[in-house]
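For reference, the structure discussed in these notes is given below.
Computed from the coordinates by the stated procedures, all read-outs in this text should not be read as laboratory data. As the structure is a prediction and not an experimental result, all values here were calculated from the model. Every residue, glycine as well, gets a Cβ built from its backbone with ideal geometry; the counts of neighbours run over all protein chains shown.
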Amino acid sequence: MQRLHLQGGFGEKGRTSVLVDDGESRVMLDAGIKVGAPPEDYHPQLAFPANEIDALFITHAHEDHIGALCWLIGKGFDGPVFMTPTTRSEMDATLEKYANTLDLAAHPASKAAIELFQPGDELSVSGQKITTGHTGHVAGGVWFAVQSGGKRTVYCGDVVPESAVFPMSQMPECDMMLLDCSYGDDRTTSSERAERIIEWVAARPDGSVLPTPLSGRSLELLTILPGRLAIADLMYEPLKAQISDPELLRPGAAERIAVRIDSVLRWSPGSALPDCPLLVHDGMGSAGPAALAMEMAEKIGHPVLLSGHLPEGSPGHRMYREGSADWLRLPTHPTLPQNKLLWESAGRPRLIGHSCDARALDAMHSTLPALNTTAATGGSTEI
Ligand SMILES: [Zn+2]
């Protein structure tokens, strides 16, 4: 028997976190924050006191999966924290931007007992066996399959089954799958989406600003956008680091992207916006050079294209709402047909969706009849 505690990211997007309790030990998967949420909803809802959690596993370094790490340490968590070397290398930058300032100063993640592993490794905590695999979402991003109490739960984290840049490993058959439902019932393929973004950029020959998270979508955009392109100066080293291990990318992608990164213009905050598409992080204007570039663009009516999740209260959300930015999704999560394939190849297990609201779950239910449409943060279930 396993009991799953939905600590964050269920019936909502952000603060993603799950706890698996087999009666012997408690394994926590992800510790995210929710951008734009009030303080009481910013961090996960822990099912147990933090010092009674045995280990933490992190899927990737996006803020909605790792941003609550310092907070968790501050709450008394002192177990091992498992992550890949790529996630480790990106962790500090994410925490600096999104962790609560007091937590970051008083409980730095460097104090944690961090254990590194590679995608594909098998890990264990007491009697719980955890297998891992590539997600296709970011370099070094992983899914977790937790086997304990005679059951297996697969937690997808964020996955992209058909990324042009990152590989995704087959997930095992399981009793329960926690599916990435970020896009609800969206059925539009990545290639159609990419085509629309290329057209939008081509129609603005005097330049544009494209906010994007530092990891994941930035490499996808570098791959699909033809012609002259600029990146924020601060992106150069982190992007090079993301392609430094070709094993973490699809065959040939690292070499192709390396050539591209070295040929693009580099923009420093403070100088004028370039007359070509400019990639800047983060994806919503909450932090990083995107905050300044978006402000500059808004002042002079320069085009801005957002392409990912826009939390309420973020600058990107406000600019889109007020008509000073456009939005076209560049997929970094599964479409509904892709989620159906993931479910079928896992043996049609029970399903709980993360990273979307209840309305999106309802819209997916006819295609995914095993999907629990009422599961919400704070709930728990037994398998
Ligand atoms: Zn992510």
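Before moving on, here are some points about what is shown:
- Seen through its C-alpha gyration tensor, with square-root eigenvalues sorted a ≥ b ≥ c, segment 190-327 comes out prolate because a/c lies at 1.5 or above while a/b is bigger than b/c.
- Semi-axes of the equivalent ellipsoid of segment 22-88 are 19, 16, 10 Å, computed as sqrt(5λ) over the eigenvalues of the C-alpha gyration tensor in descending order.
- Cα-Cα over 26 Å, subset of Lys34/Lys75; Lys34/Lys129; Lys34/Lys299; Lys13/Lys75; Lys75/Lys97; Lys13/Lys340: Lys34/Lys129; Lys34/Lys299
- P(r) tail, segment 68-190: Cα-Cα pairs separated by more than 21 Å, 49% of all pairs.
- Translational D in µm²/s for the chain (Stokes-Einstein at 37 °C, 0.692 mPa s, Kirkwood Rh from C-alpha pairs): 157
- Cysteines having no other Cys beta carbon under 4.7 Å from their own, within the chain: Cys70, Cys156, Cys174, Cys276
- Selection from Met294, Ala105, Gly120, by position along the positive dipole direction of the chain (Cβ): Met294
- When Lys111, Lys151 are arranged by Cβ crowding within 10 Å, least crowded first, meaning fewest neighbours, the order is Lys111, Lys151.
- Shown in residue order for segment 25-39 are the 3J(HN,Hα) couplings computed by the Karplus curve 6.51 cos²θ - 1.76 cosθ + 1.60 at θ = phi - 60°: 8, 10, 10, 9, 10, 6, 8, x, 10, 10, 4, x, 7, x, x Hz (x for Gly and Pro).
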